[in-house]
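The values are calculated or read from the model by the stated rules, or taken from the named source; none is laboratory data. Everything numeric here is computed off the predicted structure, so don't read it as measured data. We place every Cβ from the backbone using ideal geometry, glycine too, and count neighbours over all the protein chains shown. Each accessible area value is taken on the protein alone, full model and side chains, heavy atoms only, with ligands, DNA and RNA left out. Shrake-Rupley method; radii C 1.70, N 1.55, O 1.52, S 1.80 Å.
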Amino acid sequence: MAWSFQAGQYGAFSAIVAYFTEVSPTLLAQLAQPQIGLLWTVVLLALLGLRWRLPQRLLALTLVLFSLLPLISLFGAQHYIASLGGFPIIGSGQGVIKFVALVALAITLWRWPVSSPAERFWLNYLPVALVLLWIGGMKFLPYEAKGIVDLVSSSPLLSWLYLVADEQTASDLIGLFDWLALLLLAAGYRWPRLFVPGFLMCGSVFVTTQTFLISFPDAWTAPAVLSSSGVFIIKDLWFIANMLLLAQAWLIRPKQG
């Protein structure tokens, strides 16, 4: 993402900035520079945080700072589709709500020495549930069903859906899968036998999304430069991090009776 921003691919950043000020190409480029700096800082702190505690805490603060403006912009109408009724019918905001994953990661890093397994589990479950509930729910709308056709049809893992169902039914099936996955994952904290299928189902959503970086030609505008679609896709790596943290919390939780 940092490299793509450096190359001038701002993706949904223009919609985020539009909430705060009128956007021109020159102004957009100027406002992107601090974001580029924050992204490279995240990379450096993440590497240092593998060894030392202080960079972990600085990383937590940087992630919150990086996520703050995008999440505030969700209060603006530009991320929602007025012709379909507006909130909660979300357009460019589909990429913005993913920043909740970073906030959960930041809080987890900051509180790591003192947090309980239950806190870590539910904190990292929250962004996973939010995105699967909201974006999964969008799959039942014709707008979203049409919007995912190019992605799904390009994927060796999902294109078979269009062989057995029309585009709306295929989209409905994806939405149902998302909702079932998040329910099983939550129930798995109390009933352990449900955790593994819930974890695998939720994880498969985010892993499958990453394969679009290979199968979907429009994910890149140039070698090593993500398009706006590519930036949207790669953000699901944040949820994979959430999934790994909640799995760790589940494994060390106090066992029931």
Item to complete: Could you check, for the stretch 150-172, whether at least one of its residues is aromatic (Phe, Trp, Tyr), open to solvent by 60 Å² or more (accessible area, probe 1.4 Å) and either closer than 26 Å to Ala7 by Cβ or under 20 Å from the mean Cα position of the chain (by Cα) (or both)?
Response: no
Worksheet item: Within the stretch 38-47, is there a residue that is in contact with a Phe, Trp or Tyr (Cβ under 6 Å, 6 or more places away or on another chain) and at pLDDT 90 or above?
Response: yes
Worksheet item: Looking only at residues in the stretch 21-75 that are assigned to a helix (DSSP H, G or I) and of a type in the set (Lys, Arg), which one is farthest from Gln94 (Cα to Cα)?
Response: Arg53
Worksheet, complete the sentence: Those residues of the stretch 173-188 which are open to solvent by less than 30 Å² (accessible area, probe 1.4 Å), without any contact (Cβ under 8 Å) to a residue 60 or more places away in the chain and either over 18 Å from the mean Cα position of the chain (by Cα) or on the phi > 0 side of the Ramachandran plot (or both) amount to Ala187
Discussion item. Please list, ordered by residue number, the helices (runs of 4 or more DSSP H) wholly in the stretch 76-195 having 1 or more residues that are closer than 28 Å to Ala46 by Cβ and basic (Lys, Arg).
Written reply: 99-111, 117-138
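Quick one: in the stretch 80-105, of everything that is farther than 15 Å from Lys235 by Cβ and in contact (Cβ under 8 Å) with a residue 24 or more places away in the chain, which residue is most open to solvent (accessible area, probe 1.4 Å)?
Leu84
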Worksheet entry | Top-ranked residue of the stretch 248-257 - restricted to ones that are surrounded by fewer than 20 Cβ atoms within 10 Å (Cβ to Cβ) and aliphatic (A, V, I, L, M), ranked as nearest to Gly95 (Cα to Cα) | Leu251
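Residue check: is Leu59 surrounded by fewer than 16 Cβ atoms within 10 Å (Cβ to Cβ) and modelled with pLDDT of 95 or more?
no
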